[in-house]
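The values are calculated or read from the model by the stated rules, or taken from the named source; none is laboratory data. Please read all numbers here as calculations on a predicted model, not as lab measurements. In this analysis, Cβ positions are derived from the backbone assuming ideal geometry, glycine residues included, and neighbour counts consider all displayed protein chains.
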Amino acid sequence: MPSVQIKNVPDDVHQVLRRRAATAGQSLQEYLLARLTEDARNPTQAEIFERINQHSGGSMSAAWAAKVIREERDERERRQDSW
């Protein structure tokens, strides 16, 4: 399995992440892996629209596009609030 190494993490960021990991009952590595996994498994707006553009024969109304954008923003805010 591949590894990721992040260098030059600011001290204040490192402290916050270690505290959040401890609060979650996880090691820093477990905590960061969970956060990265969640982030990677949730498509970005750009990825959603790219998928939509790859489908032929359909069209997207402005109302539907606005709904998708609002849902993505709401979900992002919920995830940030849970940190």
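Using beta carbons and a limit of 6 Å, which pairs, at least six apart or on different chains, have the first residue in region 23-34 and within 15 Å of Ile6 (Cβ to Cβ) and the second one part of a helix (DSSP H, G or I) and at pLDDT 95 or above?
Every condition considered, the pairs that remain are Leu28/Arg18; Leu28/Ala21; Tyr31/Ala21.
For region 36-47, state whether one or more residues are out of contact with any strand residue (DSSP E or B) (no Cβ under 8 Å at 6 or more places or on another chain), part of a helix (DSSP H, G or I), among the aliphatic types (A, V, I, L, M) and surrounded by 10 or more Cβ atoms within 10 Å (Cβ to Cβ).
Scanning region 36-47 turns up at least one residue that is out of contact with any strand residue (DSSP E or B) (no Cβ under 8 Å at 6 or more places or on another chain), part of a helix (DSSP H, G or I), among the aliphatic types (A, V, I, L, M) and surrounded by 10 or more Cβ atoms within 10 Å (Cβ to Cβ).
Going through region 64-83 one residue at a time, which ones are of a type in the set (Lys, Arg) and either exposed (fewer than 10 other Cβ atoms within 10 Å of the Cβ) or in contact with a Cys (Cβ under 6 Å, 6 or more places away or on another chain) (or both)?
Arg78
Which one is farthest from Arg20 (Cα to Cα) among residues in region 62-83 that are touching a helix residue (DSSP H, G or I) at 6+ places or on another chain (Cβ under 9 Å) and either basic (Lys, Arg) or in a loop (DSSP other than H, G, I, E, B) (or both)?
My answer is Arg73.
Hey, could you check region 1-23 for residues that are within 18 Å of the chain's Cα centre (by Cα) and surrounded by 13 or more Cβ atoms within 10 Å (Cβ to Cβ) and say which is farthest from Gln80 (Cα to Cα)?
Ala21
Residues are listed down the side, and each one gets a yes or a no for (1) at pLDDT below 95; (2) β-branched (Val, Ile, Thr); (3) not assigned by TED's automatic domain parsing to the domain that holds Ser82:
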| site | (1), (2), (3) |
| --- | --- |
| Val13 | no, yes, yes |
| Ala21 | no, no, yes |
| Leu28 | no, no, yes |
| Glu50 | yes, no, no |
| Gly58 | yes, no, no |
